[in-house]
Every structure is written in C-alpha cells, then in structure tokens.
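One structure is given below, encoded as structure tokens.
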Amino acid sequence: MEIRHLQYFKAVAEELHFRKAAAKLFISQPPLSRQIKELEGELGVSLFSRDNKRVALTDAGKYFKIEVDAILAKLEESKNIVKQIHSAESGEFKIGYISSVYQTYLAEVLKQMHQLYPYIKTSLYEVPTLTQVLDLEQGRLDVGILRAPVHSSMLTIKSLFFDPFIIVMPATGQKFKNRGELVDFIKSNPFIFFNKEFAPQYHDKLLEICERMGFNPDITHEANNVHSILQLVEAGLGISILPASLKQQYAGLKLDFFEMEDIPVNTEVVLAYKSSNKSAALKWFIQHYINK
C-alpha cells in the first residue's frame, strides 16, 4: 500500500464518481479503477459498492475513509512542521501584543534573538486579545502576549505575571485622607475606558471593581488602546482604572496613580502560541522571554 492508493481512495470517496475523481487527480479513469482494485485486494474487502448508476461507500469503506482522512491530515501537518523547522533560521517571526502590557524586556529579548537568528525578520503587531487568539490559531501570528482568559484548545498558554489595577487621574496633586474620600471623588467623575466590544474582559473587570466600591461607573469616553485612554485622562476628560504595570510605562504623562490594595481584583498576562508550531526560533523566544 502506497500513499497514492490512499489519495486515490480519498478522491473517489469524496466524489463517489470514478470519472470525476480521475479528473480531480489529473489521471484517466482506467488507472484509477486499477489502483482502487489493488487497494481492495490488499485489504481483502470491498470499499465501494458499484452499479451502473451509482458508486457508494460500503461500511468498511466509510470506516476506512475516516482513517485515511486522519492519516493524510497528519502527513500534511508533518510536512508543514518539517518546513517550519527547516526555515526556522530565516523568514518572519510574528509577535502579537496588547497595548496595555508594559514591555521593557521584550526589546532586550529581541536583540538577543537577532544575534542568534540574524536572518529572521521580527514583526510586532498591536492586536486585542480576542483577535490574537484567532490569528494564533490560523497561523497569522507565531506568539502572542495577551491577557487571560484565553479560550482555545489549539493554543498553549504560559503565565507571565498577575497585574493589579490602579486608579488613574489627571495630575492635580490631590490627596485623600481615607478610602471613603477617594471613592466619593472617583464615583462623581466620568470614566474613560476600553470599548466593551474591543476588550470585553477588561470592561467586566472595571464593573467588578466599581461594584466592590459601591457604585456604577459613568463611562462617557471609550477608546481601543491604552495610550489614547491615558491622553484623555491627562487632558482632564475623566478618570480610569487600568493595570498597575502601566504606571512605569507612561511615567512621562501628567497623571496621578492611586493603588487599590483592598480590592483583590487583578488581570493575568500570558504568553500564547500554537501547540503544533515547532519552530526553533519560537522555542528560543518562549524560553528566554518567560525566564527574562
């Protein structure tokens, strides 16, 4: 039994018509019929029932088709993995990230990676979590830096760190004697936050935090990236609640930050990649990025 026997069987099983299957395979019908008979002879079963009007799979043929589909799919996946391994030292390495993740050490890791893989072109894409998951599953990204939860059985998830939330206000130097004063102040101000459709998990976290403080936020402005949100806050258009890691990243903006140590709500930053991606460059990146 050779691979071509399986390919020929698959074509006939899908078309249930020898002439159409032969055309699909770019061969004539008599050789195709001979190959199917050879396959049936080797297996000792009839895979198709034939009469003058129709071709149909037998019960044995139906089972064999399921197995052949799996074998050929695995073979195709193996071919792709071999190509990935072969080309791991060149080509493009695509990294997705979200705007609200502070990445001081990403540049350091990429510098080291360039020294080891000088012919790899690194491309960075700022993409929201939901879009990253789809792009990773479909191979448009090699690795993603995003926020949990990540719902995909096709991806491997590695935890990076847990990020608490902080209150962000325009820089006024205002002081609060106690938590009650802080809550009274923020609930009387408009909120600026991520668009609900763009970052639904973020939006839910904001509502949870405000509910724990005893009020519903008045969200008057929405944006789809953290830099825009912080610029609007700096301009005095409202306040926001964002991950604490942003405090260092945007230290140059005129903002005040207030911690919420008594509210144990945080967000998990994770690394995600497709489990079947065997690229040596990806393996190196994961190892060095997580351990940085």
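The values are calculated or read from the model by the stated rules, or taken from the named source; none is laboratory data. This is a predicted model, so every value here is computed, not measured. Reconstructed Cβ throughout: ideal geometry from the backbone, glycine too, with neighbour counts over all protein chains shown. Accessible surface areas use protein heavy atoms only, side chains included; no ligands, DNA or RNA. Shrake-Rupley method; radii C 1.70, N 1.55, O 1.52, S 1.80 Å.
Let me make sure I get this right: for segment 88-153, a, b and c are the square roots of the gyration tensor eigenvalues over alpha carbons, sorted descending. Under 1.5 in a/c it's rounded, otherwise prolate if a/b > b/c, else oblate. Which is it? Because a/c hits 1.5 or more and a/b fails to exceed b/c, segment 88-153 counts as oblate. Placing unit charges on each Cβ (+1 for Lys and Arg, -1 for Asp and Glu) gives the chain a dipole about its Cα centre, and among Met260, Gln35, Met169 the Cα reaching farthest toward its positive end belongs to Gln35.
For log10 I(q)/I(0) by the Debye sum over Cα atoms at q = 0.08, 0.09, 0.11, 0.13 Å⁻¹, one of [x] -0.46, -0.57, -0.78, -0.97; [y] -0.56, -0.64, -0.77, -0.91; [z] -0.31, -0.40, -0.61, -0.88 was computed from the structure I shared and the rest are decoys. Which label? From the options [x] -0.46, -0.57, -0.78, -0.97; [y] -0.56, -0.64, -0.77, -0.91; [z] -0.31, -0.40, -0.61, -0.88, the structure gives [y].
Hull volume per residue, based on the alpha-carbon atoms of segment 96-193 and their convex hull, is 164 Å³. Counting Cα-Cα pairs of segment 138-226 in 5 Å increments starting at 0 gives whole-percent bin shares of 2, 10, 18, 20, 17, 12, 9, 6, 4, 2, 0. Once the convex hull of all Cα atoms in segment 1-156 is built, its volume per residue stands at 164 Å³. Net charge dipole, segment 224-292: roughly 640 debye, given to the nearest 20, about the Cα centre with Cβ charges of +1 for Lys and Arg and -1 for Asp and Glu. The residue list Ala235, Gln201, Thr220 was ranked by how far each Cα lies along the charge dipole of segment 171-262 toward its positive end, using unit charges on Cβ atoms, and Ala235 comes out on top.
Once the Cα atoms are used to define both axes, helix 104-116 deviates from the longest principal axis of the chain by about 40 degrees.
Across the accessible surface of the chain, with the other protein chains kept in place and a 1.4 Å probe, carbon and sulfur atoms take up 51 percent. Structural descriptor for the chain: relative contact order 23 percent, calculated from alpha carbon pairs under 8 angstrom and at least 6 residues apart. Protein heavy-atom accessible surface, 1.4 Å probe, per residue over the chain: 55 Å². Values of log10 I(q)/I(0) for segment 189-253 across q = 0.26, 0.28 Å⁻¹ run -1.25, -1.36, by the Debye formula with one identical scatterer at each alpha carbon and no solvent.
Along the chain, counting only GluC sites (Glu not before Pro) with a DSSP assignment other than H, G, I, E or B and at most 11 other Cβ atoms inside a 10 Å radius, the longest segment between sites is 3-196.
Values of log10 I(q)/I(0) for segment 216-292 across q = 0.20, 0.24 Å⁻¹ run -0.97, -1.18, by the Debye formula with one identical scatterer at each alpha carbon and no solvent. Excluding the site residues themselves, the longest part of the chain lacking any chymotrypsin sites (Phe, Trp or Tyr not before Pro) in a DSSP loop with at most 15 other Cβ atoms within 10 Å is 27-118.
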